[in-house]
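Contents: one structure, followed by commentary.
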Amino acid sequence: MRFPTGHKVSEEVYQAIRFVTKVGVMSRSTWYELFGSGSLRWKQKQLQRLIELGIFKSHPCLHVDDVMTIGDFGKKLIEEKKWSSVPSVSAQFIEHDEIVARGVWKLEQQGICRRWLTDKEMKRSGSKNFQLNTKDIGSKFPDIVFQLNRLEQLDVVAVEYEKTAKSNWRYNKAIKSYSESLEFDRVLYIVESKAIEQSVKRAMRFIGDSNLNRKIFFIQSEDWKQNPITALGGSMQKVA
């Protein structure tokens with residue numbers, strides 16, 4: 001498909017649209033980092049032009065700045081590709097969801113990750129695959145599930161980003177749900193602090209599933225944001 005101006009839609013624009021269909025939003029900084037080309041000034045002009053053409057539009061929340069969702073012409077491109085799109089992300093979850101997705105996107109671009117699904121994609125599909133049953137809390141999905149390329153095999157990895165600390169009770173329920181699931185070869189916890197990592201590890205000791213504990217590994221969020229590829233490689237050698 002072409003823009004109304006007659007110019008062909010570039011692969012970079014399609015990939016940015018695909019990101020939003022999976023995550024629900026794209027911040028201006030994500031466009032700059034992952035999809036725009038050239039100088040910062042040129043990237044700014046590119047994004048502004050895409051907004052004017054209706055590829056993207058501002059997030060519906062009036063208190064959110066510099067965050068895009070899919071515009072009317074972008075929806076036509078999604079239909080052309082036969083993609084499905086998740087709803088936009090609520091304001092309080094934008095940073096959380098983008099941090100996880102940007103890292104996994106980079107893994108995919110390097111061939112480390114073959115396929116990935118966000119929790120919103122899994123919920124939208126109505127599938128019971130990868131669903132965790134957390135008693136007294138209700139069912140949930142990992143933040144992201146991806147296939148990790150490891151030589152001649154594919155490991156299914158569940159990703160949980162712990163941006164803020166939760167109660168010991170909630171961590172116990174979460175680890176218990178992973179203990180009862182047979183879906184995952186690895187569970188990656190991206191943690192905002194060492195204190196949160198220790199809280200998760202206390203839950204691991206409380207549940208006492210040694211087989212699961214060997215599958216869980218941790219990455220500090222700053223390491224993930226800086227370089228998810230090296231962070232993942234280093235963490236895989238330090239399975240808890």
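The values are calculated or read from the model by the stated rules, or taken from the named source; none is laboratory data. The structure presented is a predicted model; accordingly, all values stated were derived computationally and were not measured. Please note: Cβ atoms are built from the backbone with ideal geometry, for glycine as well, and neighbour counts cover all protein chains shown.
Scan the stretch 198-214 and tell me whether some residue there is within 17 Å of Y161 (Cα to Cα), without any contact (Cβ under 8 Å) to a residue 24 or more places away in the chain and over 18 Å from the mean Cα position of the chain (by Cα). Looking through the stretch 198-214, at least one residue is within 17 Å of Y161 (Cα to Cα), without any contact (Cβ under 8 Å) to a residue 24 or more places away in the chain and over 18 Å from the mean Cα position of the chain (by Cα). The residue of the stretch 107-153 that is nearest to the chain's Cα centre (by Cα), among those that are under 25 Å from R170 (Cα atoms) and among the polar types (S, T, N, Q), is T118. Within the stretch 12-31, the set of residues being surrounded by 15 or more Cβ atoms within 10 Å (Cβ to Cβ), out of contact with any Ser or Thr (no Cβ under 8 Å at 6 or more places or on another chain) and of a type outside the set (A, V, I, L, M, F, W, C) comprises Y14, R18, S27, R28, T30. Kindly evaluate W83 against the criterion of being touching a Leu at 6+ places or on another chain (Cβ under 9 Å), at pLDDT 95 or above and surrounded by 13 or more Cβ atoms within 10 Å (Cβ to Cβ). So W83 does not fit the description; no. Can you name the residue in the stretch 169-187 that is touching a helix residue (DSSP H, G or I) at 6+ places or on another chain (Cβ under 7 Å) and among the hydroxyl-bearing types (S, T, Y) and, of all such residues, is surrounded by the fewest Cβ atoms within 10 Å (Cβ to Cβ)? In this case the residue turns out to be S179.
Taking interchain pairs and intrachain pairs at least six residues apart, which have beta carbon atoms under 8 angstrom, with the first residue in the stretch 128-152 and closer than 17 Å to L182 by Cα and the second in a loop (DSSP other than H, G, I, E, B) and among the small types (G, A, S)? Sorted first by the residue in the stretch 128-152, then by its partner, the pairs are L132/S181.
Within the stretch 29-41, is even one residue more than 20 Å from I99 (Cβ to Cβ) and not in a loop (DSSP other than H, G, I, E, B)? Scanning the stretch 29-41, I find at least one residue that is more than 20 Å from I99 (Cβ to Cβ) and not in a loop (DSSP other than H, G, I, E, B), so the answer is yes. On the basis of being under 25 Å from I94 (Cα atoms), touching a helix residue (DSSP H, G or I) at 6+ places or on another chain (Cβ under 8 Å) and small (G, A, S), does S139 make the cut? When the stated conditions are applied, S139 does not pass them. Close contacts from the stretch 75-92, counting a first residue that is among the hydroxyl-bearing types (S, T, Y) and a second that is part of a loop (DSSP other than H, G, I, E, B) and surrounded by 13 or more Cβ atoms within 10 Å (Cβ to Cβ), with Cβ to Cβ under 8 Å and a gap of 6+ residues or different chains, come to S88/G24; S88/V25; S88/H59; S90/C61. You will find that of L188, L182, the residue that is out of contact with any strand residue (DSSP E or B) (no Cβ under 7 Å at 6 or more places or on another chain) and among the aliphatic types (A, V, I, L, M) is L182 and no other. Among residues of the stretch 108-128 being of a type outside the set (G, A, S) and over 23 Å from S88 (Cα atoms), the one that is modelled with the lowest pLDDT is R114. Taking (1) over 27 Å from K106 (Cα atoms); (2) at pLDDT 95 or above in turn, K135 satisfies each apart from (2). Considered as a group, the residues in the stretch 205-231 that are in contact with a strand residue (DSSP E or B) (Cβ under 8 Å, 6 or more places away or on another chain) and among the polar types (S, T, N, Q) include one that is farthest from Q109 (Cα to Cα), and that residue is Q220.
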